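**Q** Before we start, here is the structure in question, set down as structure tokens.
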Amino acid sequence: QVQLVESGGGLVQAGGSLRLACAASGRTFNNVMAWFRQAPGKERNFVAAINWSGSITRYADSVKGRFTISRDNAKNTVYLQMNSLQPEDTAVYYCALSLRLNIIPMSDREYVYWGQGTQVTVSS
């Protein structure tokens, strides 16, 4: 079993930055890990993902150039650096782990383990 715990969410003004972290514990794998987000009343959407080695990343168009995903396998942790935040980035952000190694899926159905989520609120 894998446990994922997110941290780093909070309230920030538009144009500001936050760094989310997701720590994995239990029977961990160096698999594809991703961030999704869900705004109130909306579906959960893909944000970014990274392969096992960190050599391949994938981003939603809405965050390209502003968000950066990275990982430290020695610490079983994946990060999401979020810059130039806008009110439309307000959501609960979830960390997820896939059983894939290099193919990066964007569908949440491809991810097996999920964290509890961390709230990010961007004020205008």
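**Q** Somewhere in the range 63-75, is a residue in contact (Cβ under 8 Å) with a residue 40 or more places away in the chain and assigned to a loop (DSSP other than H, G, I, E, B)? I'd like the intermediate steps shown before the answer.
**A** Residues of the range 63-75 that are in contact (Cβ under 8 Å) with a residue 40 or more places away in the chain, as a first pass: 73, 75.
In the following step, the residues that additionally are assigned to a loop (DSSP other than H, G, I, E, B) were identified as none.
The answer is no, given that none of the residues of the range 63-75 is in contact (Cβ under 8 Å) with a residue 40 or more places away in the chain and assigned to a loop (DSSP other than H, G, I, E, B).
**Q** Can you name the residue in the range 75-101 that is among the small types (Gly, Ala, Ser) and under 12 Å from the mean Cα position of the chain (by Cα) and, of all such residues, is farthest from Ala23 (Cα to Cα)?
**A** If we filter the range 75-101 for residues that are among the small types (Gly, Ala, Ser), which is where we start, we get 84, 91, 96, 98.
Okay, now just the ones that are also under 12 Å from the mean Cα position of the chain (by Cα), so 91, 96.
Numbers: Ala91: 20, Ala96: 11 Å.
Filtering first and then ranking leaves Ala91.
**Q** Still on this model: Could you grab me the full set of residues in the range 11-29 that are open to solvent by 60 Å² or more (accessible area, probe 1.4 Å) and at pLDDT below 90?
**A** Arg27, Phe29
**Q** Filter the range 76-124 for residues that are assigned to a loop (DSSP other than H, G, I, E, B) and touching a helix residue (DSSP H, G or I) at 6+ places or on another chain (Cβ under 6 Å) and give the result.
**A** Quick first cut of the range 76-124, residues assigned to a loop (DSSP other than H, G, I, E, B) only: 76, 83-86, 90, 99-107, 115-117, 124.
Of everything in the range 76-124, just one residue is assigned to a loop (DSSP other than H, G, I, E, B) and touching a helix residue (DSSP H, G or I) at 6+ places or on another chain (Cβ under 6 Å), namely Ser124.
**Q** For residues that are open to solvent by less than 80 Å² (accessible area, probe 1.4 Å) and either among the hydrophobic types (A, V, I, L, M, F, W, C) or in contact with a His (Cβ under 6 Å, 6 or more places away or on another chain) (or both), tally how many sit in the range 30-70.
**A** 16
**Q** So, one more: Against the condition modelled with pLDDT under 95 and more than 22 Å from Gln1 (Cβ to Cβ), how does Ser62 come out, does it pass?
**A** Details: modelled with pLDDT under 95: no; more than 22 Å from Gln1 (Cβ to Cβ): yes.
It is false that Ser62 is modelled with pLDDT under 95 and more than 22 Å from Gln1 (Cβ to Cβ).
**Q** Could you count how many residues in the range 11-42 are of a type outside the set (A, V, I, L, M, F, W, C), within 18 Å of Val63 (Cα to Cα) and out of contact with any helix residue (DSSP H, G or I) (no Cβ under 9 Å at 6 or more places or on another chain)?
**A** The initial filter retains those residues of the range 11-42 that are of a type outside the set (A, V, I, L, M, F, W, C), namely 13, 15-17, 19, 25-28, 30-31, 37-38, 40-42.
Keeping just the survivors that are within 18 Å of Val63 (Cα to Cα) gives 13, 15-17, 19, 37-38, 42.
Now narrow it down to the ones that are out of contact with any helix residue (DSSP H, G or I) (no Cβ under 9 Å at 6 or more places or on another chain): 13, 15-17, 19, 38, 42.
So the count comes out to 7.
**Q** Test Leu80 against the stated conditions and say whether it is touching a Phe, Trp or Tyr at 6+ places or on another chain (Cβ under 6 Å), touching a residue at least 12 places away in the same chain (Cβ under 8 Å) and surrounded by 15 or more Cβ atoms within 10 Å (Cβ to Cβ).
**A** yes
The values are calculated or read from the model by the stated rules, or taken from the named source; none is laboratory data. All values reported here derive from a predicted model rather than from experimental measurement. Cβ: placed from backbone, ideal geometry, glycine included. Neighbour counts: every protein chain shown. Calculation scope for accessible area: heavy atoms of the full protein, side chains included, ligands and nucleic acids excluded. Shrake-Rupley method; radii C 1.70, N 1.55, O 1.52, S 1.80 Å.
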